[in-house]
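The values are calculated or read from the model by the stated rules, or taken from the named source; none is laboratory data. Every value quoted in this text rests on a predicted model; they were computed, and no experiment measured them. Note that we place each Cβ from the backbone using ideal geometry, even for glycine, and neighbour counts take in every protein chain shown. With ligands, DNA and RNA removed, areas are computed over all heavy atoms of the protein, side chains included. Shrake-Rupley method; radii C 1.70, N 1.55, O 1.52, S 1.80 Å.
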Amino acid sequence: MELGKIDQIIDKHGGEPGALIQILLDIQSEHNWLPQEALARVSETLEVPMSRIQHITTFYKTFSLTPKGRHQIHVCMGTACHVRGAQDILATVQAVTGVGPGETDPDLNFSVETVSCLGCCALGPVIVVDEEYHGNVVQAKTAEILKKLIESESAEVLEICACQ
Ligand code: FES
């Protein structure tokens with residue numbers, strides 16, 4: 001991992017220990033997770049104990065200490081979504097991506113998480129794909145959304161290959 005990028009993020013926040021959470025959020029946003037090496041750099045530069053950083057990163061669910069996929073899929077399993085078939089939606093997500101709840105595929109393409117409510121129960125069942133909400137989804141619509149994502153991912157790879 002590139003520690004220079006971590007230093008840039010720290011500098012952007014003036015190297016202030018008071019900006020610790022914002023710095024961690026920026027690193028998370030850059031890498032999709034918080035590599036141990038980056039946390040050690042933050043601890044050393046801000047002179048903040050690792051124990052404090054560990055406490056924050058394990059307390060807030062938004063932080064991940066394990067690698068995450070480029071595409072984040074959240075499936076609501078709350079009561080309103082559950083009674084409208086959320087379990088079938090989750091099964092479709094798993095069938096299309098090959099990734100189960102709480103897992104990330106080895107190529108770091110997808111991470112799948114279940115959540116207890118997304119705050120828009122009237123639209124249930126709801127999934128969020130890369131921060132885009134999709135309501136009233138059925139299995140076919142879910143598969144279509146994910147297949148489009150996979151196709152765009154393949155197109156990106158082809159574009160990269162074409163440039164080489
Ligand atoms: S239960 Fe799914 S959005 Fe509230």
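Observations, loosely collected:
- Among the lysines of the chain, pairs that are 8 or more positions apart or on different chains and have alpha carbons within less than 29 Å of each other number 10.
- Calculated mean residue ellipticity, 222 nm, the chain: -16000 deg cm²/dmol, from DSSP H runs (n ≥ 4) at -39500 (n - 2.57) each, averaged per residue and rounded to 500.
- Antiparallel bridges, percent of DSSP beta bridges restricted to the chain (to nearest 5): 55
- The chain, dipole about Cα centre (Lys/Arg Cβ +1, Asp/Glu Cβ -1), debye to the nearest 20: 580
- Solvent-accessible area per residue, Å², over the chain with all protein chains present [probe radius 1.4 Å]: 57
- Membrane-span-like helices of the chain, defined as complete DSSP H segments with a Cα extent of 27 Å or more along the helix axis and a mean Kyte hydropathy of at least 0.0, are identified as 139-163.
- For the chain, radius of gyration divided by Kirkwood radius, i.e. Rg to Rh on alpha-carbons: 1.05
- Surface composition of the chain: carbon plus sulfur atoms hold 53% of the accessible area, using a 1.4 angstrom probe and ignoring ligands, DNA and RNA.
- The length gained on full extension between Leu25 and Ile56, counted as 0.36 nm times the residue separation minus their Cα-Cα distance, comes to 10.1 nm.
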